[in-house]
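Worksheet: one structure, shown below.
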Amino acid sequence: IFVGSGHLVLRQCQPRAAAPLAQVVVAGAMGVQQSYYQAFARWLAEQGYGVTTFDYRGHGLSLQVPLRDARADLLDWAKDCELVAAHLKQQFPQQPLIWIGHSVGSQLPGLASIPLPINGLLSVGSGSGYWRDNAAPTRRMIRLFWWGVAPLVTALYGAFPGRKLGIVGDLPAGVIWQWRRWCMHPNYSVGVEGEPVRQSYAAARYPVHALSMTDDEMMSWASTRSLLSWYRNAPQALERIRPIESGQPRIGHFGFFRREMADTLWPRAHAVLQQWLAQAGATGAGQPQ
């Protein structure tokens, strides 16, 4: 997909045996490349869904210039979500479209200038990034990051080379500076960007189903509740998941999409998709709720 002076790079997994039940977008977390979600995408394709992953502009495969020359912020990434959704509705006009967002991938749809044409948003490990609402393990070190490491490294390098540092991932300067401003404010993006963002979230009417992990080291229960409060006009559900339910000792912020969760957690996501497809069938396939 063409954006500005470059392109968004998408990957698609389509089922082989029959026509897709629906199209699903998996939108990644901050600094996490789309390759991380490929096992989950292939599993969903085996269940009969077409699945698209992508990298936001200035990131991963969509980075087509040196990182310090990448021009993007989080509102640009929200626009990327609009473009991906529009592309899929054009490619598969008669099929329902479902969005699965990991962390920032569930924040960005609410920032879209017009509501995404989707039949549901499954939010995994997402919430407000306000630093005081971070889960305890992150909150203990986040002040050093936001008041020390991030501004210093970004000012020196002209971007945030997180992969070299083993922190977050590579991010364009515009993304890290805007993200920092949001994380400093109790109302996160809504507090910093003001009424236009508040109204964008309020315009979303598609159902939102949030999965919150009890051992998420970044997103707390409070931060997830904040995110849902912004989607205030959307039908909502919130599930709290414990590691014991995964059959693994730990889930954390990133674990839901690991291959080991295929027999335990991934079917829970599938059940939500099936519910939304049933609703889409009752109201006319492919029409957002």
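The values are calculated or read from the model by the stated rules, or taken from the named source; none is laboratory data. Please read all numbers here as calculations on a predicted model, not as lab measurements. Note that we place each Cβ from the backbone using ideal geometry, even for glycine, and neighbour counts take in every protein chain shown. The protein model used for the area step is the full one, side chains on, heavy atoms only, and it has no ligands, DNA or RNA in it. Shrake-Rupley method; radii C 1.70, N 1.55, O 1.52, S 1.80 Å.
Looking at (1) modelled with pLDDT under 95; (2) of a type in the set (A, V, I, L, M); (3) not in a loop (DSSP other than H, G, I, E, B), which one does residue 19 not meet, given that it meets all the others?
(3)
Residue check, residue 205 against (1) open to solvent by 30 Å² or more (accessible area, probe 1.4 Å); (2) over 18 Å from residue 103 (Cα atoms); (3) part of a helix (DSSP H, G or I), all met but one. Which one?
Single failed check for residue 205: (3).
Scan 68, 42, 132 and give me the residue that is part of a helix (DSSP H, G or I) and either free of Cβ contacts under 8 Å to residues at least 24 places away in the same chain or within 16 Å of residue 14 (Cα to Cα) (or both).
Working: 68 fails: either free of Cβ contacts under 8 Å to residues at least 24 places away in the same chain or within 16 Å of residue 14 (Cα to Cα) (or both); 132 fails: either free of Cβ contacts under 8 Å to residues at least 24 places away in the same chain or within 16 Å of residue 14 (Cα to Cα) (or both).
Step by step, each of 68, 42, 132 is checked, and only 42 is part of a helix (DSSP H, G or I) and either free of Cβ contacts under 8 Å to residues at least 24 places away in the same chain or within 16 Å of residue 14 (Cα to Cα) (or both).
Taking residue 212 as the residue in question, decide whether it is outside any helix (DSSP H, G or I) and among the polar types (S, T, N, Q).
Judged against the criteria, residue 212 is a match.
Residue 137: in contact (Cβ under 8 Å) with a residue 40 or more places away in the chain, open to solvent by 10 Å² or more (accessible area, probe 1.4 Å) and in a loop (DSSP other than H, G, I, E, B), yes or no? Lay out the reasoning, then the answer.
On the way: in contact (Cβ under 8 Å) with a residue 40 or more places away in the chain: yes; open to solvent by 10 Å² or more (accessible area, probe 1.4 Å): yes; in a loop (DSSP other than H, G, I, E, B): no.
Against the criterion (in contact (Cβ under 8 Å) with a residue 40 or more places away in the chain, open to solvent by 10 Å² or more (accessible area, probe 1.4 Å) and in a loop (DSSP other than H, G, I, E, B)), residue 137 does not qualify.
Inspect region 26-35 for any residue being in contact with a Pro (Cβ under 9 Å, 6 or more places away or on another chain) and assigned to a loop (DSSP other than H, G, I, E, B) and give the result as yes or no. Before the answer, list the steps.
Going through region 26-35, the residues in contact with a Pro (Cβ under 9 Å, 6 or more places away or on another chain) turn out to be 27.
With the extra rule that they be assigned to a loop (DSSP other than H, G, I, E, B), the set shrinks to none.
Scanning region 26-35 turns up no residue that is in contact with a Pro (Cβ under 9 Å, 6 or more places away or on another chain) and assigned to a loop (DSSP other than H, G, I, E, B).
Output yes when any residue across region 33-51 is in contact with a helix residue (DSSP H, G or I) (Cβ under 6 Å, 6 or more places away or on another chain), under 25 Å from residue 255 (Cα atoms), crowded, with 17+ Cβ neighbours inside 10 Å and among the aliphatic types (A, V, I, L, M), and no when none is.
yes
With the condition kept exactly as written, say whether any residue in region 56-65 is modelled with pLDDT of 95 or more, under 29 Å from residue 176 (Cβ atoms), assigned to a loop (DSSP other than H, G, I, E, B) and of a type in the set (D, E, K, R).
Yes, region 56-65 has at least one match.
Here is a yes/no grid of residues against (1) farther than 27 Å from residue 131 by Cα; (2) of a type in the set (Gly, Ala, Ser); (3) open to solvent by 40 Å² or more (accessible area, probe 1.4 Å):
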site	(1), (2), (3)
223	no, yes, no
226	no, yes, no
234	no, yes, no
242	no, no, yes
245	yes, no, yes
248	yes, no, yes
253	no, no, no
257	no, no, no
269	yes, yes, no
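For residue 146, indicate whether it is over 30 Å from residue 19 (Cα atoms), in a helix (DSSP H, G or I), under 16 Å from the mean Cα position of the chain (by Cα) and modelled with pLDDT of 95 or more.
Working: over 30 Å from residue 19 (Cα atoms): yes; in a helix (DSSP H, G or I): yes; under 16 Å from the mean Cα position of the chain (by Cα): no; modelled with pLDDT of 95 or more: yes.
Judged against the criteria, residue 146 is not a match.
Within the group 175, 190, which residue is over 30 Å from residue 61 (Cβ atoms), surrounded by 21 or more Cβ atoms within 10 Å (Cβ to Cβ) and modelled with pLDDT of 95 or more?
Exactly one residue qualifies, and that residue is 190.
Could you please give the count of residues in region 92-116 that are within 20 Å of residue 28 (Cβ to Cβ) and either surrounded by fewer than 22 Cβ atoms within 10 Å (Cβ to Cβ) or out of contact with any Pro (no Cβ under 7 Å at 6 or more places or on another chain) (or both)? Before you say what the answer is, go through the steps one by one.
Of the residues in region 92-116, the ones within 20 Å of residue 28 (Cβ to Cβ) are 97-112, 116.
If we keep only those that are either surrounded by fewer than 22 Cβ atoms within 10 Å (Cβ to Cβ) or out of contact with any Pro (no Cβ under 7 Å at 6 or more places or on another chain) (or both) too, we end up with 98, 100, 102-112.
Number satisfying all stated conditions: 13.
Kindly indicate which of 180, 163 is charged (D, E, K, R), outside any loop (DSSP other than H, G, I, E, B) and either in contact with a strand residue (DSSP E or B) (Cβ under 8 Å, 6 or more places away or on another chain) or touching a residue at least 40 places away in the same chain (Cβ under 8 Å) (or both). Even if it seems obvious, please write down each step before you answer.
Numbers: 180 fails: either in contact with a strand residue (DSSP E or B) (Cβ under 8 Å, 6 or more places away or on another chain) or touching a residue at least 40 places away in the same chain (Cβ under 8 Å) (or both).
Matching residue, one of 180, 163: 163.
When residue 160 is evaluated against the numbered criteria (1) open to solvent by 10 Å² or more (accessible area, probe 1.4 Å); (2) at pLDDT 95 or above; (3) touching an Asp or Glu at 6+ places or on another chain (Cβ under 9 Å), which criterion, by number, is the only one it fails?
All conditions pass for residue 160, except number (1).
Of everything in region 120-167, what is in contact with a Phe, Trp or Tyr (Cβ under 6 Å, 6 or more places away or on another chain) and of a type in the set (Gly, Ala, Ser)? Give them in sequence order.
Residues satisfying the conditions are 120, 128, 129.
What about residue 148, is it touching an Asp or Glu at 6+ places or on another chain (Cβ under 8 Å) and not acidic (Asp, Glu)?
Values: touching an Asp or Glu at 6+ places or on another chain (Cβ under 8 Å): no; not acidic (Asp, Glu): yes.
For residue 148, the condition - touching an Asp or Glu at 6+ places or on another chain (Cβ under 8 Å) and not acidic (Asp, Glu) - is not met.
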